[in-house]
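The values are calculated or read from the model by the stated rules, or taken from the named source; none is laboratory data. Computed from a predicted model, the values in this text were never measured in an experiment. Cβ: placed from backbone, ideal geometry, glycine included. Neighbour counts: every protein chain shown.
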Amino acid sequence: MSTASLTVEQTTEATRVGALRSVFSFPVMLASLLVVLGVLTVRARFDDPDMWWHLKTGEVIWTTHHIPTTDLFSYTASHQAFVPQEWLSQVLIYGAYRLGGYPGMMLWLCFFTSAVLIAGYVLCTLYSGNVKVGWAGALVIWLFATVGYAVRPQMIGFLLLIIELIVLHLGRTRNPRWFFWLPPLFAIWVNCHASFFLGLGLAGLFFLCSFFNFQMGLLESSRWEPRRQLIFGIALVLSAAALFLNPIGVKLVLYPLDFMLHLPINLSAIDEWKPLAMNSVRGVGLLVVFACILLTVIIRRSQLFWSELVLLSAGTWFAVHHERMTFVFGIFAAPILARLLATAWDGYNAEQDRVWPNALAITVFLSVSFFAFPSRQSITQQMEASNPVKAVKFIEDHHISGHMLNEYIYGGYLIWAAPEHPVFVDGRADLFEFAGVLKEYGEWATLESDPNAMLDKYKIDYCLLERGAPIARVMQLLKGWKSVYSDEKTIIFVRANA
């Protein structure tokens, strides 16, 4: 055999071994462990009440090839203008359902949960330069993200937020051309979730911080070189322009601002927008992570960058004021903590990698993920446990009709399971606040107004309520109303003369 042939064979073998080492490397093994964690975390989370109206909206867009801009599902806000800010995510959710039914939607959730964790792992690893510390950073993201794991568009929005931070880091520390990935990112993001507004603000903060050059004790900021600033500025302008690459126009771009300024009931009454309970697991976790960052800076005399302080402060403010935003705090804080602890754990040495133990571990972890995936029966049980499935069947079997007044958390499921019965209210709280319905419903449900007043105003024929709700107890005492159905969680009242 010739020397040239031997060289080719040796090169081919080296390439094969190199590919094997890459596929079955220690970092990939850690990523597969995050997949297990993600599946185990969400396997029993097929229960979000907002999932259903997202699914129904996706079906409407899929089947009609048209994005509705008015309400189609209620009679109280019928034809009220409504901005479908998450239309692309809703189509993806319905696509998962169309391909695999409810298990397909669960697979969607497992995929995006794992993607968030793995993207967070990549971010923390790049930021710290240490694979092991990066993996620990992903666990920090996992903890705070538990507030939002659901079949909802926010999963895509927060994944894109992590990807943005990766792009910003690569553009800042490596080639500034990485910044040109931001415009296509925002073109997708604006059609998926309103968190694009947060992402644009984040990019703007980074750009502003790039002009500061100072050192105050352990706080440091280095001004970027002009060329990097120029490229970033151009990418930022293009990103703002990319927001208008949507089928709705300027209304979609401005909607998050409208939400923050003109919907006080949403921000004060809806549970996920309420302040974080500091004695909860995530509240304590926030205090611990925040304290760890500050103590690490002080004790280890580590430098804290100005952009990191701004990021950490913004994430903390968001989380303290709105529990839902602890997801964002985790994404902002994890890479900072990972960088500060980069030397606290031995780094990864590729030369010492052991391919076959890694391959065995990856196989085991992915097998666990496969067998941990909930069965169709388990998913059905979860759906029945959290939704008025039996009550809907009773309504259909007994041909109850007319104007329905439904429990707020049941509205989404009713939109999907009983579309022939327009809802009174559902999880699209912004729509109903704009229509003036949410305030009336809130006062009625919390007994702050005369129950008969709203029942008569909207000519309600029957009510589908939670059995233990305060208003349900009052309904039993109201003249002209009678209970016709109840189970362990729901109760139905109809007008006695209906």
Practice prompt. Please find, within segment 340-399, the residue that is farthest from residue 107 (Cα to Cα) out of those that are in contact with a Ser or Thr (Cβ under 9 Å, 6 or more places away or on another chain), not hydroxyl-bearing (Ser, Thr, Tyr) and not in a helix (DSSP H, G or I).
Written response: 341
Item to complete: Would you check if there is a residue in segment 126-144 being among the aliphatic types (A, V, I, L, M), under 30 Å from residue 347 (Cα atoms), assigned to a helix (DSSP H, G or I) and within 14 Å of the chain's Cα centre (by Cα)?
Response: yes
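Pick from 295, 287, 312, 257: which is over 19 Å from residue 196 (Cβ atoms), among the aliphatic types (A, V, I, L, M) and in contact with a helix residue (DSSP H, G or I) (Cβ under 9 Å, 6 or more places away or on another chain)? Don't jump to the end; show me each part of the working.
Details: 295 fails: in contact with a helix residue (DSSP H, G or I) (Cβ under 9 Å, 6 or more places away or on another chain); 287 fails: in contact with a helix residue (DSSP H, G or I) (Cβ under 9 Å, 6 or more places away or on another chain); 257 fails: over 19 Å from residue 196 (Cβ atoms).
Residue meeting the stated conditions: 312.
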Worksheet item: Can you name every residue in segment 77-114 that is surrounded by fewer than 23 Cβ atoms within 10 Å (Cβ to Cβ), out of contact with any Leu (no Cβ under 8 Å at 6 or more places or on another chain) and either without any contact (Cβ under 8 Å) to a residue 12 or more places away in the chain or β-branched (Val, Ile, Thr) (or both)?
Response: 79, 91, 99, 104, 111
Worksheet item: Of (1) surrounded by fewer than 19 Cβ atoms within 10 Å (Cβ to Cβ); (2) modelled with pLDDT under 95; (3) not in a helix (DSSP H, G or I), residue 276 satisfies all except one. Which?
Response: (1)
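Any residue in segment 194-206 that is assigned to a loop (DSSP other than H, G, I, E, B), within 27 Å of the chain's Cα centre (by Cα) and either over 30 Å from residue 107 (Cβ atoms) or in contact (Cβ under 8 Å) with a residue 12 or more places away in the chain (or both)? So that I can check it myself, show each step before the final result.
So the first thing to find is which residues in segment 194-206 are assigned to a loop (DSSP other than H, G, I, E, B), and the list is 194-195.
Right, trim to within 27 Å of the chain's Cα centre (by Cα) and you get 194-195.
Okay, now just the ones that are also either over 30 Å from residue 107 (Cβ atoms) or in contact (Cβ under 8 Å) with a residue 12 or more places away in the chain (or both), so 194-195.
The answer is yes; a qualifying residue exists.
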Item to complete: Give the number of residues within segment 486-498 that are modelled with pLDDT of 95 or more and either over 39 Å from the mean Cα position of the chain (by Cα) or within 17 Å of residue 460 (Cα to Cα) (or both).
Response: 4
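Output the residues belonging to segment 452-468 that are surrounded by fewer than 19 Cβ atoms within 10 Å (Cβ to Cβ) and either of a type outside the set (D, E, K, R) or touching a residue at least 24 places away in the same chain (Cβ under 8 Å) (or both).
Of all residues in segment 452-468, those surrounded by fewer than 19 Cβ atoms within 10 Å (Cβ to Cβ) come to 452-454, 456-459, 461, 466-468.
The answer is 452, 453, 454, 458, 459, 461, 466, 467, 468.
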Worksheet entry | Selected residue (only one of 319, 342, 372 is assigned by TED's automatic domain parsing to the domain that holds residue 150, closer than 29 Å to residue 156 by Cβ and either out of contact with any Asp or Glu (no Cβ under 8 Å at 6 or more places or on another chain) or modelled with pLDDT of 95 or more (or both)) | 319
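Can you name the residue in segment 416-429 that is touching a strand residue (DSSP E or B) at 6+ places or on another chain (Cβ under 6 Å) and part of a loop (DSSP other than H, G, I, E, B) and, of all such residues, is surrounded by the fewest Cβ atoms within 10 Å (Cβ to Cβ)?
Start the filter on segment 416-429 by keeping residues that are touching a strand residue (DSSP E or B) at 6+ places or on another chain (Cβ under 6 Å), which leaves 421-424.
Pick out the ones that are also part of a loop (DSSP other than H, G, I, E, B) and you get 421-422, 424.
Values: 421: 22, 422: 19, 424: 28.
Step by step, filter segment 416-429, then rank; the result is 422.
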Worksheet item: In segment 392-415, what count of residues is obtained for those that are surrounded by 23 or more Cβ atoms within 10 Å (Cβ to Cβ) and small (Gly, Ala, Ser)?
Response: 2
